[in-house]
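Novice: Quick one: the structure is below, questions incoming.
Laboratory data are not the source of any read-out in this text; all were calculated from the coordinates shown. Quantities reported herein were computed from a predicted structural model and do not represent experimental measurements. Cβ placement follows ideal geometry from the backbone for every residue including glycine, while neighbour counts extend to all protein chains displayed.
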Amino acid sequence: MSLSDWERNGWLTKHQTSPNEIRDLLQVVERDLADSDAEGLSADWRMNIAYNAALQAATIALAAAGYRAARESHHFRVIQSLRETIGVDAGVAATFDAFRKKRNITGYERIGLVSDADAAAMRALAVRLRDEVLAWLTKHHGRLLRKGSV
């Protein structure tokens, strides 16, 4: 199913991004990657921060493709859109979605479900997605990247 199909289903809306929006989102990604590596934070919180970095990277790709996720199932749609934007395989999207589910539990219901290994794995995924989104932007949407945008 293409992103235009998603739009017809009401899962996405058209969106006109700008170099400023992309720069601002990239700054959020970089801040969150740095913060997710901070000492003294719980594994739950480090994973949550890394998750946000990855989510914002995916949001960048979706915006560059001309869309924004609708409110319902927002995070799920942004994650799944990576298959259509930068072409991640189903396994990467499934891993990211598993972290989304774990984040929801640890953020709203229970603490202590996240190990240090989980936090490190989410951070590694966020770094990978940031790098893949930047490479994709450079190749397909270079006009959205300004010097010094990252």
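Novice: How about the stretch 69-150: which GluC sites (Glu not before Pro) there lie in a loop by DSSP and see at most 11 other Cβ atoms within 10 Å?
Specialist: Those satisfying the criteria are Glu72, Glu109.
Novice: Counting every Cα pair in the chain, what percent are over 21 Å apart?
Specialist: Summing the P(r) of the chain above 21 Å gives 42 percent of all pairs.
Novice: Moving to a separate point now. What net charge do the residues around Asp5 carry, taking every other residue with its C-beta under 14 Å from that of Asp5, with Lys and Arg at +1 and Asp and Glu at -1?
Specialist: Charge balance near Asp5 sits at +2.
Novice: While we're here: Where nothing but the Cβ of Lys and Arg (+1) and of Asp and Glu (-1) is charged, how large is the charge dipole of the stretch 3-137 around its Cα centre, in debye to the nearest 20?
Specialist: Computed about the Cα centre, the dipole is about 340 debye.
Novice: Follow-up question, since we're still on this one. For the chain, what is the mean residue ellipticity at 222 nm derived from helices alone (per DSSP H run of n ≥ 4: -39500 (n - 2.57); sum divided by total residues; nearest 500 deg cm²/dmol)?
Specialist: Result for the chain: -22500 deg cm²/dmol, rounded to the nearest 500.
Novice: How big is the gap, in Å, between the Cα center of the stretch 6-54 and the Cα center of the stretch 68-145?
Specialist: The stretch 6-54 and the stretch 68-145 have Cα centres spaced 8 Å from each other.
Novice: Can you give the Kirkwood hydrodynamic radius for the stretch 1-75, in Å, rounded to one decimal and based on Cα pairs?
Specialist: After inverting the pairwise mean of 1/r, the radius is 13.4 Å.
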